[in-house]
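Written out below as structure tokens is the structure these notes cover.
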Amino acid sequence: MTQSTNNAPKPRALTTADLKESLKRGIADFAAAPMVDLFFASFFVLTGMVMFWITYATGTTFWLVLAVMGFPLVGTLAALGFYETSRLRMAGEPVDFNAIRRMVWSHKNGQLPWLATIIVVIFLFWFFLGHMIFALFLGLAPMTNIHSSLDVFLTADGLMMLTFGSVVGALFAIVIFALSVLGIPMLYDRDIDFMTAIIRSMGAVRANPVIYLAWGFFLAIVTLAAMLPLFLGLFIAMPVLGHATWHLYKRVTE
């Protein structure tokens, strides 16, 4: 089927009532299909654990800081299982794991991989830029990991690096959030091209920036907090937020 711009919905303005109702429905979806959700959430948990083990084993845990900051940004790529579960429940259809798996896999040759590639490239560029920011402010100081002193961050240059790096990281986060918050569920839901989905998603955020960024900040804080107990909190946080994202998209496009 040929992608059509005419199939792309034009999102209306987002409201706080939409956020509250979407989150409420996300919790309900998780409660209705916990086993399916735990399966898809396990990818987030295992990715986090593997990420930590690799950086720890290689003595490069300084990369873990950058990865953790970017983890919520690419998390939406693995949320398709949650989207499909919510879609089935909204349609009054049974939540069947095999049907969900087949539906998610069917998108491998569509437009979603293109948007996923853009997000991953931006994420990798953030890794590179984070290393350059460290070198810019701390020069020849060794990259700090859990085996070395954290005192370097308490120096004037270290504090400047953390401040500047946080600002740059926030800009990356805003860009990825803006193009994906409605872009990914839109591509999953409609037969459109990825550039149209990006334009519609970024346009919605640009038209209603305060409330969208407040939602993005909430997603980031919950996700980061869920990582603290060995990433195990992601078993609950990812399904609830994934379902809520789907319901948010449906509420502002219908």
- Query: Which pairs do you get when a residue that is touching a residue at least 24 places away in the same chain (Cβ under 8 Å) and basic (Lys, Arg), found in segment 13-28, comes within reach of a residue that is in a helix (DSSP H, G or I) and surrounded by 19 or more Cβ atoms within 10 Å (Cβ to Cβ), reach meaning Cβ atoms under 6 angstrom, with the pair 6+ apart or on two chains?
  - Reply: 25/247
- Query: Pick from segment 170-221 the residues that are of a type in the set (S, T, N, Q) and part of a helix (DSSP H, G or I): which of them is surrounded by the fewest Cβ atoms within 10 Å (Cβ to Cβ)?
  - Reply: 196
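Which is under 25 Å from residue 211 (Cβ atoms), surrounded by fewer than 18 Cβ atoms within 10 Å (Cβ to Cβ), at pLDDT below 95 and not hydroxyl-bearing (Ser, Thr, Tyr), of 10, 24, 20?
The unique qualifying residue is 10.
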- Looking at segment 35-58, which of its residues are part of a helix (DSSP H, G or I), open to solvent by 50 Å² or more (accessible area, probe 1.4 Å) and not aromatic (Phe, Trp, Tyr)? 35, 38, 46, 47, 49, 50, 54, 57
- May I ask you to list pairs of residues, at least six apart or on different chains, whose Cβ atoms are under 8 Å apart, with the first in segment 80-101 being in contact (Cβ under 8 Å) with a residue 60 or more places away in the chain and open to solvent by 10 Å² or more (accessible area, probe 1.4 Å) and the second being of a type in the set (Val, Ile, Thr) and outside any helix (DSSP H, G or I)? 89/95
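Quick grid of which residues meet (1) farther than 30 Å from residue 26 by Cα; (2) at pLDDT below 75; (3) out of contact with any strand residue (DSSP E or B) (no Cβ under 7 Å at 6 or more places or on another chain):
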{"residue": "52", "(1), (2), (3)": "no, no, yes"}
{"residue": "77", "(1), (2), (3)": "no, yes, yes"}
{"residue": "85", "(1), (2), (3)": "no, no, yes"}
{"residue": "95", "(1), (2), (3)": "no, no, yes"}
{"residue": "109", "(1), (2), (3)": "no, no, yes"}
{"residue": "122", "(1), (2), (3)": "no, no, yes"}
{"residue": "133", "(1), (2), (3)": "yes, no, yes"}
{"residue": "144", "(1), (2), (3)": "yes, yes, yes"}
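The values are calculated or read from the model by the stated rules, or taken from the named source; none is laboratory data. All values reported here derive from a predicted model rather than from experimental measurement. Reconstructed Cβ throughout: ideal geometry from the backbone, glycine too, with neighbour counts over all protein chains shown. In case anyone asks, the SASA skips ligands and DNA or RNA and just uses the protein heavy atoms, side chains included. Shrake-Rupley method; radii C 1.70, N 1.55, O 1.52, S 1.80 Å.
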